[in-house]
1. Let me know the charge dipole size of the chain about its Cα centre in debye, to the nearest 20, where only the beta-carbon of Lys, Arg (+1) and Asp, Glu (-1) is charged.
2. Hey, fewest Cβ within 10 Å first, where do 197, 23 land in order?
3. Tell me which of 50, 135, 183 sits at the most positive position along the dipole axis of the chain, charges placed on C-beta atoms (Lys, Arg +1; Asp, Glu -1).
4. Rank 96, 68, 237 by how far each Cα sits towards the positive end of the charge dipole of the chain (+1 on Lys, Arg Cβ; -1 on Asp, Glu Cβ) and give me just the farthest.
Amino acid sequence: MTPLTSTSSVKIDHAGGSTSRLWEIDALRGIAIILVIVYHLVWDLSYFRLYPVNVLSPSWQMFARSLGSTFIFLLGVSLTLSYTHAAHRHEQAVPFIKYLRRGSNLFGLGLVITAVTYIVIGPGFVVFGILHLLGLSIVLAYPFLRVNRWVSFVAGLFLIGLGVYLNTMSVSYPWLIWLGIKQQGRAMVDYYSLLPWFGLTLLGIFAGGSLYPHGVSQLALPGCSASLPVRGLCFLGRHTLLIYLVHQPILMGLLFSLSFI
């Protein structure tokens, strides 16, 4: 992922001129996408009434939110890294069109999810889910990548606080769902509004600039990037968008078949 995409799998030019992937970010996204599959499997088991589990319980919802938060935060980190790498390589500002195109593509996939869930699920369909959020966040993050990282930190905290407040409000119409103001009586299977969640992306930008200044890692990590488990996680982490898009139709197809056995 850009969480759900491969933005964070950038290659960073180190002082010696060699390049290497930031395996820790890919591995984190790999772990997160595995847990997403687990959560969706449990959700599907409940949906097809194959196993009694309340996925709306606070514990399961907290689990799901923690996964979404991981992807959103890593989006900010990966945007910082990709911008730093591109600016270093070209020795000039990275054009906005690159982020507009990437964000629009991801937002467009979110619209596909909206259409599919409207057909399959009905009233609980996704109006503004995590793909919509990530796509819009890529576009809105661009100016923050060009200024001091502390601007992202302060703005991120402010937007999170504002979003928490807006999330307590509800109205009778759906036009502000994307912003964070809920519609009365509407429930959605996936909902990540711009506020407060874009604030978490900005905190990721701050973390990326702090932990990887000029693209150089400040973390003292063990040298395990060549181990088979980590390589497997990194592979998954570099293909999270594809996995995210295909795993749920596969799971639902299998469980739908089992429900008739």
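No value in this document is a laboratory result; all are computed from the given coordinates. For clarity, every value in this text was computed on a predicted model and none was experimentally measured. Heads up, the Cβs are rebuilt from the backbone with ideal geometry, glycines too, and the neighbour counts pull from every protein chain shown.
1. Its charge dipole is roughly 220 debye.
2. With the fewest neighbours first, 197, 23 line up as 23, 197.
3. 135
4. Farthest towards the positive end: 96.
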